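Any read-out appearing in this document is the output of simple, stated calculations on the displayed coordinates, not a laboratory observation. Keep in mind that this is a model prediction, so the values were computed, not measured. Backbone-built Cβ (ideal geometry, glycine too); neighbour counts: all protein chains shown.
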Amino acid sequence: MKAFVTGATGFIGGHLVEALVREGFDVTCLTRSTLSLGYLEGLNVSFMKGDCTDADSLSGIKGFDYVFHLAGLTKAHTEEESYRTNEKGTENIVNAVVRHTPPGRFVYLSSLAAAGPSCDGRPLSEECEAKPVSVYGKTKLGGEKYVIAQKGKMPFTIIRPPAVYGPRDKDLLVFFKMIRSGLIPYWGKSYYSFLYVDDLINGIILSALKDEGEGEIFFMSDGNVYSSDDIIDAISHALQCKPIRVAIPKCVMPLLGALAEKMQRGSIINPDKIREIRHTHWTCHTTKAMEKLGFSPKVKLKEGAKWTADWYRIHNWL
């Protein structure tokens, strides 16, 4: 089975490529350069030089049984940059795929951000109307719409994970470091769905292989809802520390996001992320994926936080 992966050098993409190789797939990765392959170095995979934002570089996407489109920007310097990669980049990949013989399945990794927060406090289902509140969410939803528009031309599956964490994740590392420092910003109780990276990878592969996944959108989480206190406690337990919660009024959060971005470009703490954080419920049901795909997440937050913290320590990230 021949698989093509975009975003292969990223956090989730790298884990997916490793899993596909273990499963016996013949994997080709789209890369802008082969000079910095990160965790792909030494894997038995092929590389195709190209960029999802450059349509002319994608003519070689043909003859694959499965295409996994994971490339995207979770944090962009400008709204235009986010649109160019997440929405227009998806259009370019899809057009390249449809132009030739479509694969057995095109899997698009979207995000809970594309659906938006829960307004009534109940976890979202796939039938809920999408109401993204961030530029990231809006551009990921734009990519979804273009994929869905290919119905009848290309078999597809769309996955909307919530916060994904695990070894190699640089985004949640910021919060691990804050907690280890002894101080953690606290803007009141909020609620989140989470998913350990290994469980997401299993879900992605399942969605591609199962006939029941064709033409569907799936939320995937570990099945639990965690409060902000649960998250702080899980990470604190993993790090064996007791941080002090520093109350932050929500009215000053946009200012903090702007300051954080000025201090460190590309930080996960930025104005667009603040637009999401100001909402209190980022939760979703995973029932549909469990029933249709046999998706069965194994790792809960406390266990996953410990494994992640251990990896950070071993590799001197903490």
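Structure summary
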{"item": "Estimated Rh, the range 160-249: Kirkwood, alpha-carbon pairs, angstrom", "result": "14.8"}
{"item": "Per-residue Cβ neighbour rank within 10 angstrom, fewest leading, His100, His69, His315", "result": "His315, His100, His69"}
{"item": "³J(HN,Hα) computed for each position of the range 309-318 - Karplus, 6.51 cos²θ - 1.76 cosθ + 1.60, integer Hz, glycine/proline x", "result": "4, 4, 5, 4, 5, 4, 9, 6, 8, 10"}
{"item": "Under the Debye formula (equal points on every Cα, no solvent term), log10 I(q)/I(0) of the chain at q = 0.07, 0.10, 0.11 Å⁻¹", "result": "-0.26, -0.55, -0.67"}
{"item": "Pairwise Cα inverse-distance average, inverted: Kirkwood Rh of the range 99-252 (Å)", "result": "17.4"}
{"item": "Nonlocal amide H pairs with Phe47, under 5 Å, H built at 1.01 Å", "result": "Cys29"}
{"item": "Share, in percent, of DSSP beta bridges within the chain that are antiparallel, nearest 5", "result": "5"}
{"item": "Net length gained if the chain between Glu127 and Ser46 were fully extended (0.36 nm per residue, minus Cα distance)", "result": "25.3 nm"}
{"item": "Residues Val135, Val21, sorted so that the one with the fewest Cβ neighbours within 10 Å comes first", "result": "Val21, Val135"}
{"item": "Relative contact order of the chain, defined on C-alpha pairs under 8 angstrom at six or more residues apart (%)", "result": "18"}
{"item": "Phe4 long-range amide H proximity, modeled H, under 5 Å", "result": "Thr28, Tyr66, Val67, Phe68"}
{"item": "Least to most buried among Glu127, Glu23, Glu91 (fewest other Cβ within 10 Å first)", "result": "Glu127, Glu23, Glu91"}
{"item": "Under Karplus coefficients 6.51, -1.76 and 1.60, residue-wise ³J(HN,Hα) of the range 173-186 in Hz, glycine/proline x", "result": "3, 4, 6, 4, 5, 4, 5, 5, 5, x, 10, 9, x, 9"}
{"item": "Test item: Cα-centred dipole of the chain, Lys/Arg +1 and Asp/Glu -1 on Cβ, debye", "result": "700"}
{"item": "Mean projection area, nm², convex hull over Cα of the range 54-139", "result": "6.6"}
{"item": "Extension reserve of the Lys145-Val246 stretch, reckoned as 0.36 nm per residue once the Cα distance is removed", "result": "32.3 nm"}
{"item": "Whole-Hz ³J(HN,Hα) from phi, Karplus 6.51 cos²θ - 1.76 cosθ + 1.60, for the range 137-149, glycine and proline x", "result": "x, 5, 6, 5, 5, x, x, 4, 4, 5, 4, 4, 5"}
